[in-house]
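Participant: The structure under discussion is supplied below as structure tokens; questions concerning it will follow.
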Amino acid sequence: MRKDALAVEEPLEIRVSWLEGQRRRVEAVAVTMRTPGHDFDLVAGFLRSEGVVSAPADLVELTYCRGNDEQEYNVVEARLSGDAIFDLDLVRRNVYTTSSCGVCGKASLEAVEATGCTVIPTGYSVARDVIPDLPDRLLEGQAVFERTGGLHAAGLFDASGERLLVMEDVGRHNAVDKVIGHEFLARRLPAAERILVVSGRASFELVQKAVVAGIPMLVAVGAPSSLAVDLARRFGQTLVGFTRNGGFNVYTGSERIR
């Protein structure tokens, strides 16, 4: 008999602090089940994906909220600038959470368009033979998955297939939010010359997050949903699925694959 390593799963409450008139108000907007680590990236990515913030200047501070009545490091408060406009009811209506996904947001093409997303510019391209190797290169960066076998992953790659960033989480949406939040806080959005690779399927929400981040190509190990394909086509994103065993399917934006 031997011990088995398990992936950690804990709740994270996301709070937003904003000015309402002359008074600063703080409210919880979501709770997600996540793997601790890169929590500020996760919150920043969620807020950017949901259109709560559009520029790093909108986000003044990210802090853990620690007190006698709260779990240490399981509550993060995002403090918005005085100029930021925040609609609490709208965010709450558009957000739901599950343990298998994380924080899920927009549920229609119209809702994504309302956040100000625009068609992703053309001109970026990737060689065909780079794509089949991307899942294996993502896996090479999944240190926690190697020990536990229990995490999703999302990674950013350049056109040559070089791995730039990998994030892991029990929630696949959380993993993507961590990637997007990391780049947002580093002021590298839109990520106009990057490939987002995900370890599972390509859902509508994952495409939506990639579109908001301006990522021109999303590569998934699994299948895309019909609405994910519709959204990728609407915003000019290249969507690739079933990337495994040396092959892949291209659903939209084939002009970016040379």
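Participant: How do 41-52, 224-235, 242-253 rank on mean C-beta neighbours within 10 Å, highest first?
Facilitator: Highest-to-lowest ranking by the protection proxy: 41-52, 224-235, 242-253.
Participant: To the nearest 0.05, what FRET efficiency results for ARG188 and ASP230 with a Förster distance of 30 Å applied to their C-beta separation?
Facilitator: Plugging the Cβ-Cβ distance into 1/(1 + (r/R0)^6) gives 0.60.
Participant: If packing is taken as the average number of other Cβ atoms within 10 Å across a peptide's residues, how do 205-211, 153-159 rank, most packed first?
Facilitator: 205-211, 153-159
Participant: Note down the nm distance, to one decimal, between modelled labels 7 Å out along Cα→Cβ at ALA127 and at TYR64.
Facilitator: Spacing of the two 7 Å Cα→Cβ label points: 4.5 nm.
Participant: Tell me, what is the FRET efficiency for VAL119 and ASN249 to the nearest 0.05, using R0 = 22 angstrom and their Cβ-Cβ distance as r?
Facilitator: According to the calculation, E is roughly 0.45.
Participant: Ranking request for peptides 160-170, 72-82: highest mean number of other beta-carbon atoms within 10 Å first, then the rest in descending order.
Facilitator: Peptide ranking by packing, descending: 160-170, 72-82.
Participant: How much FRET efficiency would the formula 1/(1 + (r/R0)^6) give for ARG24 and ARG137, where r is the Cβ-Cβ distance and R0 is 30 Å, rounded to 0.05?
Facilitator: E(calc), rounded to 0.05, equals 0.10.
Participant: Shifting gears a bit: Report the label-to-label distance for ASP89 and ARG163 in nanometres (one decimal), using points 7 Å from each Cα along the Cα→Cβ vector.
Facilitator: So the label points at ASP89 and ARG163 sit 4.7 nm apart.
Participant: Could you give the nm distance between label points at ALA57 and SER81, where each point is 7 Å from its Cα heading toward the beta carbon?
Facilitator: Between ALA57 and SER81, the label points sit 0.4 nm apart.
Participant: To check you understand DSSP bridge types, tell me what percent of the beta bridges within region 128-256 (both residues inside) are antiparallel, rounded to 5.
Facilitator: 65 percent
Coordinate-derived values only; no laboratory data. Worth saying up front: this structure is predicted, and the values here are computed from it rather than measured. A quick note on method: Cβ atoms are made from the backbone with ideal geometry, for glycine too, and the neighbour counts reach across all protein chains shown.
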